Amino acid sequence: MHLVLAGRRRLDPGGSELPDSESAVREAIWAAKDLMAEELRAGKPLIRDAAFEVALSDGTVVATVTFAAAADYG
């Protein structure tokens, strides 16, 4: 998952292997929620304009999970 924040794309060089893109999207949703929660606990404003790009090992982006959508998920 690559983080897109303030118009800058931060690549995840290590990545993680997941069984399918649906699992990867769920992982991106929870990672976004965790990051937003960390920032809130630190007294920082809620990040809603960032996103995680779910990419294959060859770099092909198969899904984008916005933090705004993650915040509203389940």
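For region 20-33, backbone phi angles converted through the Karplus equation (6.51, -1.76, 1.60; θ = phi - 60°) give residue-by-residue couplings of 7, 5, 4, 5, 5, 5, 4, 4, 5, 4, 5, 5, 5, 4 Hz, Gly and Pro being listed as x.
Please list, short to long, the whole-number percent of alpha-carbon pairs of the chain in consecutive 10 angstrom bins beginning at zero. That works out to 21, 53, 23, 3, in percent per bin.
For residue 10, the residues whose modelled amide H falls within less than 5 Å of its own, excluding neighbours fewer than 5 places apart on the same chain, are 3, 4, 5.
Here's how it looks for residue 48: its modeled amide H is under 5 Å from none belonging to a residue 5 or more places away or on a different chain. Sequentially through region 36-45, phi angles give Karplus couplings (6.51, -1.76, 1.60; θ = phi - 60°) of 5, 5, 4, 5, 5, 4, 7, x, 8, x Hz, Gly and Pro residues having no value and appearing as x.
Roughly to the nearest percent, how much of the accessible area of the chain is carbon and sulfur, given a 1.4 Å probe? Using a 1.4 Å probe with all protein chains present, the chain comes out at 52 percent carbon and sulfur.
Between residue 68 and residue 20, how high is the FRET efficiency from 1/(1 + (r/R0)^6) when r is the Cβ-Cβ distance and R₀ = 35 Å? Nearest 0.05.
On the way: r = 24 Å, r/R0 = 0.69.
The pair residue 68/residue 20 has a calculated efficiency of 0.90.
Whole-Hz Karplus values for region 52-61 come out as 9, 9, 8, 10, 6, 4, 8, x, 5, 7 Hz, taken residue by residue from phi with 6.51 cos²θ - 1.76 cosθ + 1.60 and θ = phi - 60°; glycine and proline positions read x. Taking the average, over residues, of other Cβ atoms within 10 Å as the packing measure, peptides 50-58, 2-10, 14-22 rank 50-58, 2-10, 14-22 from highest down.
The values are calculated or read from the model by the stated rules, or taken from the named source; none is laboratory data. Computed from a predicted structure; not experimentally measured. Glycine also receives a Cβ, built like all others from the backbone with ideal geometry; neighbour counts cover every protein chain displayed. Quick note on the areas: whole protein, heavy atoms, side chains included, nothing else; ligands and nucleic acids left out. Shrake-Rupley method; radii C 1.70, N 1.55, O 1.52, S 1.80 Å.
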